[in-house]
Amino acid sequence: MISFKQGLAIAGLTVGSFFGLNSFYIIDETEQAVITKFGKPTEMILGLLDVGQVDTALYNNIVAWNKDQGDKGVETIRTGAGIYFKTPFLEKVHQYDDRLKEYDAPPTTIVTKDKKNLKIDTYARWRIANPLLYKQTFSSDNEALGRLNDVIYSTVREFTGKNNLIELVRSSNNIEATSEKDAFEKINIGRAKNLELITQEVNEQTMKDYGIEVVDVRIKRADLLPENAQSVYSRMRAERERVAQQYRSEGEEEAVKIKAAADREAKEIRSGGYEKAETIKGEGDRDVTKIYNDAYRKDPSFFRFWNTMESYRTVYGDPNNKTDVVLSFKSDYNKYLKGNN
């Protein structure tokens, strides 16, 4: 049986443990918090962590904003995870996620500057940067998403209405092919820069009004409505056909140049070859003539005999020679056939 003193000790220990457990709280790396005392904010613990480093510019902006709030602001602003102490029962901790959250709205129809109806599907990444302002403005994340959707939709619609379709499709005029540079419509800002400006404008508004930092706004897809698609596709087809025709023209021009150069080179090669052949032939005839002359000078009678015998081969010995030759056997031409020298 427990005595009165033992019961009192147990009760005291229980009450002490209860008060002890309610005198501190833990903020981990993914959280931030607002501490209130009798409903009035007294302290704010910010995340603001980027690879272990506090975002100094954002921190300074929140500090300046809190100062402007006067009595509605907090007395103390801290950063980072850890164990913090509070007054039991008098102070309450309101914790908020410090991580990036997802915004993905259903597609909406928006008209571009050049009167093209687009079904644009956007998404964004956002986080709670100023938990006190967020707490004062919203009662839930769903309410925050509704306001965020209004801001993003109106900003995307504004930028889409100020730009032609091409500005939301292409990001650069840096096209390598000369023919394509001449064929396609030039852009002034481009898709990437437009999205950067949209993100900047949305973030300025949401930070100021809701304590929400919008990190990125992107267009997931932009589809043409059926009534616009055919005309745009026809225009794209005409542009590609124009580029293809220019490629063909340039190719044909280059082919003519290559063929002319090849013909000129071939003619030069043939002319050089003919000249060289004639030179060699002339040198050969000269050497032959010299050899015949040298042989004739060494033995004129043998040379005459040899030439005559060669002619006999042509006149009498060729079976294909159909010419009739009538010569007197006593002719000097036949003297070698008679055995005369």
| field | Of the criteria (1) buried (at least 16 other Cβ atoms within 10 Å of the Cβ); (2) more than 29 Å from the chain's Cα centre (by Cα); (3) not hydrophobic (A, V, I, L, M, F, W, C), which one residue 75 fails | value | (1)
| remark: For the stretch 13-61, the count of residues that are hydrophobic (A, V, I, L, M, F, W, C), farther than 23 Å from residue 85 by Cβ and either surrounded by fewer than 11 Cβ atoms within 10 Å (Cβ to Cβ) or at pLDDT 90 or above (or both) equals 2
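Matching residues to (1) surrounded by 13 or more Cβ atoms within 10 Å (Cβ to Cβ); (2) assigned by TED's automatic domain parsing to the domain that holds residue 210; (3) assigned to a loop (DSSP other than H, G, I, E, B):
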{"residue": "63", "(1), (2), (3)": "yes, no, no"}
{"residue": "66", "(1), (2), (3)": "yes, no, no"}
{"residue": "71", "(1), (2), (3)": "no, no, no"}
{"residue": "89", "(1), (2), (3)": "no, no, yes"}
{"residue": "110", "(1), (2), (3)": "yes, yes, no"}
| field | Sole exception among (1) touching a strand residue (DSSP E or B) at 6+ places or on another chain (Cβ under 7 Å); (2) modelled with pLDDT of 90 or more; (3) within 21 Å of residue 210 (Cβ to Cβ) for residue 67, by number | value | (1)
| field | Single residue of 84, 96 found to be of a type in the set (Phe, Trp, Tyr), within 21 Å of residue 214 (Cβ to Cβ) and surrounded by 12 or more Cβ atoms within 10 Å (Cβ to Cβ) | value | 96
| said: Given the criterion farther than 30 Å from residue 136 by Cα and surrounded by 12 or more Cβ atoms within 10 Å (Cβ to Cβ), identify the matching residue among 218, 248, 240. | reply: 240
| message | Being buried (at least 17 other Cβ atoms within 10 Å of the Cβ), touching a helix residue (DSSP H, G or I) at 6+ places or on another chain (Cβ under 6 Å) and not polar (S, T, N, Q) is true for just one of 120, 152. Which residue is that? | response | 152
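The values are calculated or read from the model by the stated rules, or taken from the named source; none is laboratory data. Keep in mind that what you see is a predicted model, and the values were worked out from it rather than measured. Heads up, the Cβs are rebuilt from the backbone with ideal geometry, glycines too, and the neighbour counts pull from every protein chain shown.
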